[in-house]
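Asker: Before we start, here is the structure in question, set down as structure tokens.
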Amino acid sequence: MAIRSFFLFILFFSSSLSPVFSLYEDQVGLMDWHQQYIGKVKQAVFSSQRAGRKRVVVSTEENVIASLDLRHGEIFWRHLLGADDVIDGIDIGLGKYVITLSSGGSILRSWNLPDGQMVWESSLQGPKHSKSFLLVPTNLKFDKDNVLVVFSNGRLHAISCIDGEVLWKKDFEAESFEVQQVIQPPGSDLIYVVGFAASYQFEMYQINAKNGELLKHESASFSSGFSGEVSLVSTETVVALDSTGSILLTISFQDGKISSQQTPISNLVEESLGPAVIIPSSVSGIFAIKTDAVTVFIRVIGEGKLEVVEKTTHEIAVSDALSISEDQEAFALIQHASSEIHLTVKLAHDWDGNLLKESVKMDRQRGLVHKVFINNYIRTDRSYGFRVLIVMEDHSLLLLQQGEIVWSREDGLASIIDVTTSELPVERNGVSVAKVEHNLFEWLKGHMLKLKGTLMLASPEDMAAIQSMRLKSSEKSKMTRDHNGFRKLLIVLTRAGKLFALHTGDGRIVWSHLLRSLHKSEACQSPIGLNLYQWQVPHHHAMDENPSVLVVSRCGPSSDAPGVLSFVDTYTGKELSSLSLDHAVVQVIPLPYTDSTEQRLHLLINADKHAHLYPKTSEALSIFKREFLNIYWYSVEDQNGIIKGHALKCKCTGEVADEFCFDTRDLWSVVFPSESEKIVATVTRKLNEVVHTQAKVVADQDVMYKYISRNLLFVATVAPKGSGEIGSVTPEESWLVAYLIDTVTGRILHRVTHHGLQGPVHAVFSENWVVYHYFNLRAHRYEMSVIEIYDQSRADNKDVWKLVLGKHNLTSPISLFSRPEVITKSQSYFFTHSLKAIAVTSTAKGITSKQLLLGTIGDQVLALDKRFLDPRRTVNPTQAEKEEGIIPLTDSLPIIPQSYVTHALRVEGLRGIITVPAKLESTTLVFAHGVDLFFTQLAPSRTYDSLTEDFSYALLLITIVALVAAIFVTWRLSERKELQEKWSFYSAFASQSTFSSLFLCDN
Amino acid sequence: MEKGKGIMGSGRRWAVDFSDNSTAPSSRDIPDPPGFTRASVDQDDSTVSRQKKDAESNWKAQKAWEVAQAPFKNLLMMGFMMWMAGNTVHLFSIGITFSALWQPISALQGVGKVFEPYKDNKVDLLGPKLLFIALNLGGLALGVWKLNTLGLLPTHASDWVSSLPPAQEVEYSGGGIPL
């Protein structure tokens, strides 16, 4: 008995230990890569420090503040502020503090410039919401302390630069006052606050910068009103546009007296331009107005007189002014010309003279220049040199100096909208061999090193060389398909409308393409990329046809704006074609059918609930017609709390006859009572998920049949009161209801109400289970629940003989209109982290066990075995259940530090986790994106189908060698022995025969 | 070996055939030695030989029964081993189970061979053979039973449905929250 229990113990030990997927230190970077980005730069401030490395501090639209190395563009330090903590302004104070104003001007922070440590933070309150301004006057001193001037929330603050203390504050409570500019003329102790009141009155406040005392308040009314922004042309003059956008108002408030002059734009420019807008710039004496086609630069001469200095139809970008000496200001101007950009640096008062004129070749795929930031340096010959930082349309950041691009950053990748994958081209003959022969010596050296490493003869330097060789292995970054399916292309669509193809091996950009269809045009004013779909995935013609993706975009933010489709070849990045649709795209439904060229059929639903079939070919139509009656679609109106199911009816009526357009009719609707439920999350299974089996074998060889349906929708609703922030409601008035709805018939298969819970709800649906994460108000903890759904109507299929002979109907096609009998099992557990994203691993055949991938609040990805979320867990599992691998029930889910997929790294601003199956069944590819990108391979049940990286080849080799040697030696020995035996036999024989011959002789 | 053969082949000058036991005296030119009669080997005292033969066949029958009963000991040992191995699937229990299955099978295959030495027209081997077969079948049954207790026999529904793919659904539905 003791032995038996010993065996049991060993078995328990080996099977029920939760698998730990930690890495060794030298495995970091072998299969994973991490890229850091910052997002589209909004504002850049150059550090004017003389000593140390040159750096630039930037704030971005992803709410990142970062300090970049000006020489290489690397990140020194970086901070990601929260999603609702939008940065309004940054500046450098005292040469060593980075000051940031964020959250609509209510939070002011100071960071240490060299290392990015936060020095102080102040919260600024005010009477009302307003624009916010951050000024760092260089000469405004207050007891040796520099003063920051901040206007935010209708209040002017003077703040100490050293400790963030508010020195004085002044409210601007006038109801309709809208601040437009806050001006601090250098060399004076005055602050001007100018703005509009009631949209036709110009107001000017003069304030003593020492104590916040109001010195003067003047106002003047303009009957024509104002539109847009004002541009500051000198410390005491602003230019504004009237409400029609056709008359320029030059308002000067010298010595507290407001005087103004009106100049119609038509006086300055002959032809009529239509309504214009002012491009804000801080260059003194010059401002620019822009109409649809033309940009006009206008100079202010003397008493409000205006003069056109340049008129251009090119796209143009202007930097802020940079003061280079006492009375000189320079600014940079960038104009586009076909494949080049022209950079000119001019002095503010001398338009015609150029300090610098350079032309830089620019990749067309970067689009237009959106922003320019200028900085100067002193050359060795004591003259001024200029460098400019430019932000392009694709959100990339480039530094230009001496007519060259010094460095560039692809910061568009910080704002990924959608991700899909594509296979790489199939390997053709002779590619790899040539490469090997090319540097045979290197190859030999590499193998020698590796051999040394495996035989443990390598010195530390050799080890380092081996490690770098492993990391840079050309095998993983080849541009061809591999046997295991690890090498793929990640096709990502960014917010800038650029499509990137990233290689999964090393994360490099294989190609990038700024979509033409996402370019601003006459027909499409503000195109927005929406989603990516796999359009064509050739399997049969993999050698001669390239896969392509479909990019769905829309002209404008409203849902009824017309859609645009573009088709992009994933091998080359070429836009194959693009279609401007005459209808909106509200939903895209990829259908599970492909035509003979393996193009997937897609159904696009427009705002009028008409369904449009793509591709528009007769073949696609005939395929579609065949399945016509079996195609349904549903819409979730989360604002109204209604889920509706629709079926296709007939061809579109009215308008032009279009045989690819179909009317739809409503089939069913689920209406959630708006006073008690609000939809917060809906989730379905992934379309491409593969399920291996419908049966689940439970303890004692019993079998349960999973209810596996592609058409199940998980819906979570919460009480409308509880849809706010966590803790805003009491447990009694908050609840969460989870539904499982069949989207073909509208049948609610399962409904469960949890009381005292609150969102946000994150959910993931796979196979026959759904896992969701929420907050438990009673326990003050986060929780995760699992629902598993089983088909009871199949449960009596237990006759072995029927199953052996195949006389069962378990695999015959089923209709959802037949009445299902389902049972659900569910369980809840406490979980420590709040989540940003949740996903589940997916493998090629669906055999490998699943892991949940949890994007934690700390921007890491945690892998959690699905076995922990098994509703059959009990406190004391029986012997059989233990053998099955059921873990004893605990109230909370364990967080094993080694199971962080991202190990020591963080994916800042984590937004999504995508899993893609590799060809190797055990392995799944994981891509996590946010501001940073992270990619790795995971094997949820370990790599049971291939040798692991740490497999001891040396031991295998030594064993084989030893065996061969042993075989050889024993063979020799046996041969020798045999020979000896023979000799002894023959000698015996010989002596006998001699004797007999003697005997015979005698005879 | 080759070498030895070569030497022998070429170096043979003469040979004596000792296997010559023909009864005819004139097979050779040389007469038999005096007092040597070739026929005397076969001619024996008939009574002595019959007694000997009876004893031998008795002994053979006895031995055959012993051999037939031998698997019983094996059976007991196997049972003990199986109990030791426990009811969980691992290397030890699988090894034991498969040897428990293999032994009877190989023994049954070689039933004829096992009883070959005791073959005698006077000895009735049917009884021992049947016992031998029965005992081995018992061993086989024990092995199968063990296999079943280990759960390695596909006797449950779960063994046949575990890789059954999910049923196809006729209908298809897509959609979701509007883009």
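The values are calculated or read from the model by the stated rules, or taken from the named source; none is laboratory data. Predicted, not measured: the structure shown is a model, and the values here were computed from it. With ideal geometry, Cβ positions are generated from the backbone for all residues, glycine too; neighbour counts draw on all protein chains shown.
Asker: Is it true that some residue in the range A:806-818 is at pLDDT below 90, touching an Asp or Glu at 6+ places or on another chain (Cβ under 6 Å), at the interface with another protein chain (Cβ under 10 Å from one of its Cβ atoms) and not in a strand (DSSP E or B)?
Answerer: Within the range A:806-818, one or more residues are at pLDDT below 90, touching an Asp or Glu at 6+ places or on another chain (Cβ under 6 Å), at the interface with another protein chain (Cβ under 10 Å from one of its Cβ atoms) and not in a strand (DSSP E or B).
Asker: Condition first: of a type in the set (Asp, Glu), crowded, with 17+ Cβ neighbours inside 10 Å and within 14 Å of chain B (Cβ to nearest Cβ). Can you find one or more residues in the range A:771-787 that meet it?
Answerer: No, the range A:771-787 contains no residue that is of a type in the set (Asp, Glu), crowded, with 17+ Cβ neighbours inside 10 Å and within 14 Å of chain B (Cβ to nearest Cβ).
Asker: Another question, if that's okay. A:LEU604 - would you say it is over 32 Å from the mean Cα position of the chain (by Cα) and at pLDDT 90 or above?
Answerer: no
Asker: Of the residues B:LYS129, B:LYS122, only one is of a type in the set (Lys, Arg) and assigned to a loop (DSSP other than H, G, I, E, B); which?
Answerer: Step by step, each of B:LYS129, B:LYS122 is checked, and only B:LYS122 is of a type in the set (Lys, Arg) and assigned to a loop (DSSP other than H, G, I, E, B).
Asker: Okay, next question. Can you give me the number of residues within the range A:696-720 that are facing another protein chain (nearest Cβ under 9 Å) and under 17 Å from A:LYS686 (Cβ atoms)?
Answerer: 6
Asker: Ok, one more. Could you tell me whether the range A:572-587 includes any residue that is outside the structural domain of A:ASN688 (by the TED database) and closer than 26 Å to A:ILE748 by Cα?
Answerer: The answer is yes, given that some residue of the range A:572-587 is outside the structural domain of A:ASN688 (by the TED database) and closer than 26 Å to A:ILE748 by Cα.
Asker: Sticking with this one: Can you tell me which residues in the range A:671-683 are in contact with a Ser or Thr (Cβ under 8 Å, 6 or more places away or on another chain) and at the interface with chain B (Cβ under 9 Å from one of its Cβ atoms)?
Answerer: The answer is A:ILE679, and nothing else.
Asker: A further question follows. Taking A:VAL737, is it among the β-branched types (Val, Ile, Thr), away from chain B (no Cβ under 14 Å) and within 28 Å of the chain's Cα centre (by Cα)?
Answerer: Taking the combined requirement at face value, the residue does not satisfy it.
Asker: Could you check A:ALA330 against (1) outside any strand (DSSP E or B); (2) under 39 Å from the mean Cα position of the chain (by Cα) and say which number it fails?
Answerer: Among (1) outside any strand (DSSP E or B); (2) under 39 Å from the mean Cα position of the chain (by Cα), the lone unmet condition for A:ALA330 is (1).
Asker: While we're looking at this one, here's another question. What pairs come out if I take residues in the range A:523-546 that are among the hydroxyl-bearing types (Ser, Thr, Tyr) and pair them with residues that are assigned to a loop (DSSP other than H, G, I, E, B) whose C-beta lies under 9 Å away, six or more apart or interchain?
Answerer: A:SER526/A:LYS520; A:SER526/A:GLY556; A:SER526/A:PRO557; A:SER526/A:ALA561
Asker: Taking the residues in the range A:469-522 that are part of a helix (DSSP H, G or I) and among the hydrophobic types (A, V, I, L, M, F, W, C) as candidates, determine which candidate is surrounded by the most Cβ atoms within 10 Å (Cβ to Cβ).
Answerer: Among residues in the range A:469-522 that are part of a helix (DSSP H, G or I) and among the hydrophobic types (A, V, I, L, M, F, W, C), the one surrounded by the most Cβ atoms within 10 Å (Cβ to Cβ) is A:LEU518.
Asker: Which residues, taken from the range A:129-169, are touching a His at 6+ places or on another chain (Cβ under 8 Å) and not in a strand (DSSP E or B)?
Answerer: Matches in the range A:129-169: A:ASN153, A:GLY154.
Asker: Considering each of A:THR890, A:THR843 in turn, give the residue that is over 21 Å from A:ALA904 (Cβ atoms), in the same structural domain as A:VAL926 (by the TED database) and among the polar types (S, T, N, Q).
Answerer: A:THR843
Asker: Moving on. Any residue that is surrounded by 15 or more Cβ atoms within 10 Å (Cβ to Cβ), among the β-branched types (Val, Ile, Thr) and within 14 Å of chain A (Cβ to nearest Cβ) - is there at least one of those in the range B:150-162?
Answerer: Yes, that holds for at least one residue.
Asker: Quick one: count up the residues across the range B:141-179 that are touching a strand residue (DSSP E or B) at 6+ places or on another chain (Cβ under 7 Å), farther than 17 Å from A:ARG710 by Cβ and not in a helix (DSSP H, G or I).
Answerer: 5
Asker: Let me ask you something else. Being crowded, with 22+ Cβ neighbours inside 10 Å and farther than 18 Å from A:VAL45 by Cα: is that true of A:ASP394 here?
Answerer: Yes.
Asker: Okay, next question. Looking at A:LEU938, A:LEU925, A:LEU933, which is the one that is in contact with a Leu (Cβ under 7 Å, 6 or more places away or on another chain) and either closer than 28 Å to A:THR494 by Cβ or without any contact (Cβ under 8 Å) to a residue 24 or more places away in the chain (or both)?
Answerer: Exactly one of A:LEU938, A:LEU925, A:LEU933 is in contact with a Leu (Cβ under 7 Å, 6 or more places away or on another chain) and either closer than 28 Å to A:THR494 by Cβ or without any contact (Cβ under 8 Å) to a residue 24 or more places away in the chain (or both), namely A:LEU933.
Asker: Collect the residues in the range A:202-222 that are in a loop (DSSP other than H, G, I, E, B) and either under 20 Å from A:ILE278 (Cβ atoms) or modelled with pLDDT under 80 (or both), keeping them in residue-number order.
Answerer: Result: A:PHE222, single match.
Asker: Out of B:ALA167, B:ALA141, B:ALA157, which single residue is modelled with pLDDT of 90 or more, aliphatic (A, V, I, L, M) and more than 15 Å from the chain's Cα centre (by Cα)?
Answerer: Result of the check over B:ALA167, B:ALA141, B:ALA157: B:ALA141.
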